[in-house]
Amino acid sequence: MSQTGDSSSFVEEPASPEARQRELERQVLGLEYRLRTEHSEAEMARLALERELAGMQGKYKQCMGELEAALADTRYLYEQNAALEARARAADEDAGGAAAAERAAAAEERARAAEARARELEEALQAARGEAAAAGRAAAGAAAGAAAAEQSGLLRKYEAEIERQMGELRALAERLAEREDEVAGLKAQRVLQAHRSYSAEEVEELGVLRRTLQEQLALSKELERANLEQANELKRLRQRSESQQFLQLENSKLRARLEKTDALRQQLDDLQLENVQLQEKLTKWEVYQADGSSPENVLHEMALAKQERLALVEQVGKLQLDLNNMKILNDELALERNQLLDLNKKYESSILNLKKLNYEIEQQKLLSFEECKLLRQQLDDLSEVDKDHTPDTRDRKKIQTLVDTYKNQTEDLTNELKKLNEQLLERSDLDGNPRKRRKASDDLAFNYSQRLNELQLRNKDLERRLANSDENASLLEEKLRKLQSLNEKKIRILQLRNNPLLKDQFVKQKQLTLLKQENLELAQQLDAQQGLEAVPRSVYERQQYDIQLLEDELFSINKRTTRLKEMFNRKSLEFIDAVNSLLGFKLEFQVGGKVKMIPCFKTDRYLIADLQTNTLKSNLDKVMPEWDAMLAEYVGKRQQLPCFLAKIMLLLAESSSSQ
């Protein structure tokens, strides 16, 4: 590359903004990758904490259930103790002996001791319940494995305490059983002392009682005899039913055999008809074989004719393919001839275009030299004008470098054009063939025009980038002036203390602050290039804040779920009351898809409907003699269970009004 005296030498410049931008982008990508990694690790830790929290809550619920059961047992023992104490007082009043009084006093003392022990156990259970609730709340806020281990140890300690208290409760139950036995003995002694001498009235009552027992015994024998008769009748009915089932089975087998016989008869008729048709075809064939040829000979000749036809079809296909190939070759030759003619015309026109292009390039060269002079003169004028200001040396050097590069490329292009023209002249002198000379000149003109187009496109690109840079600089300066001239005014707006929008803005502001601090520390750690595998404290604080937000959200969800459960229970009770008041049945939904219906007129009677097996169970048949008839009519025949229930309600209402 040739250089003039005015062109400046190459100067080392700092890294370009594009390189720094790429470096910053790589750093940002690295930080984003590390941020995503931290997010995934935090999510995994949160899921582990949720699983541990669910396990602790399950253990807490189990512990609370055991505590409730122990408390219920304690209350039951307390009630039994009170009842035994009352019975002991009654036995003390009834028994006149000193031994009975001493036993009653001892029993009363043991009852008081058991009551005191029961109260102590109840207080211990309440304390354990409070400690278990505190442990459950502490377990819900635990964030590490050590806290979970401590809570599990505490739960094991509570379980051991509960087992110990259950053992004590069982011992108290045994003692209560012993006291009940003693009270029963005292009652028996009191009864013996009160009934040692029987009067005449008692003897008469005993006789009446004996006669009543004899009558009941006779009645039971009659009922037993009637039961035996019914059993024999039932056995005879079962034998008849079995014989009827056997006859029905034999009848179905005979019917199946009869149907098979009909099918075989139909098949025999079809075969006979087919035989007749085949005999007719055979007679027709005998008419056509007058020359004595058999069907095998005819089939052989037909197969030979098919093979010959296939061979002829294959030959015709090959000939058709050869003909198509000849047509394609003829078309290709005609196309090549037309292309050669067009190429000849293009070669002739390219000579004229080269002459015009050479003249235009000379003109552009002169114009580019003049443009370079004008640009350098403008740069000098700008440098004289900007002497009082602080110039941007980097932009000036860049513009000056662009001008020098443009000038050098123009000179290189001119020299290359001269060399190409000299080579063209030498080839034209050495080679007398006009076709080869025309081809070489076409190649040189094509290369020259391609290089010129590339330089023009590059020049336009540089001009466009320069204009964009100037426009961006002017916009940034305008924004800077507006920001400097902006006077902020503080506006106070009256808001609620627990405003959801303000709370959301506070959460977002805190998250933004934590993320900025985390980004700054990560950038500092990345710039320092520390080899330690550690994360800054801001990352941990930000993750802790996210966990706190999730816990708040979980608390609100649990609160909402509890409210919905309460509402569901209340609405269920309202539904049951509405059904009871409208239909007259109190519904009780049991496990296994069963529904227990209690009528309002007979609360000691019920109907149990099993919706899975479609069965109905009731004890109303004892008060309704027409129960079986109604069941067969409305349920078995009409399949109308609502009508059956309405009929039951009408009958119960009539019976209650008549009573």
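What follows is calculated from the coordinates using simple rules that are stated; it is not laboratory data. Everything numeric in this text was worked out from a predicted model, so none of it was measured. For neighbour counting, all protein chains shown are included, and Cβ atoms are generated from backbone atoms with ideal geometry for every residue, glycine included.
Computed on the Cα atoms alone, the convex hull of region 584-658 gives a volume of 86 cubic angstrom per residue. Site pair Glu242 and Lys479 shows an inter-label distance of 10.2 nm when each label is modelled 7 Å from Cα along Cα→Cβ.
Within the set of other residues whose C-beta is less than 12 Å from the C-beta of Leu329, count the net charge using Lys and Arg as +1 and Asp and Glu as -1.
On the way: positive: Lys327; negative: Asp322, Asp331, Glu332, Glu336.
Once all neighbours under 12 Å are counted, the net charge is -3.
Note on region 211-288: the alpha carbon radius of gyration divided by the globular reference 2.2 N^0.38 Å gives 2.93. Once the Cα-Cα distance is subtracted from the 0.36 nm per residue extended length, the Ala231 to Ser349 segment shows a gain of 29.8 nm.
Phi angles across region 634-648 convert, under the Karplus curve 6.51 cos²θ - 1.76 cosθ + 1.60 with θ = phi - 60°, into 3J(HN,Hα) values of 7, 8, x, 8, 8, 6, 10, 5, x, 5, 4, 5, 5, 5, 4 Hz, Gly and Pro given as x.
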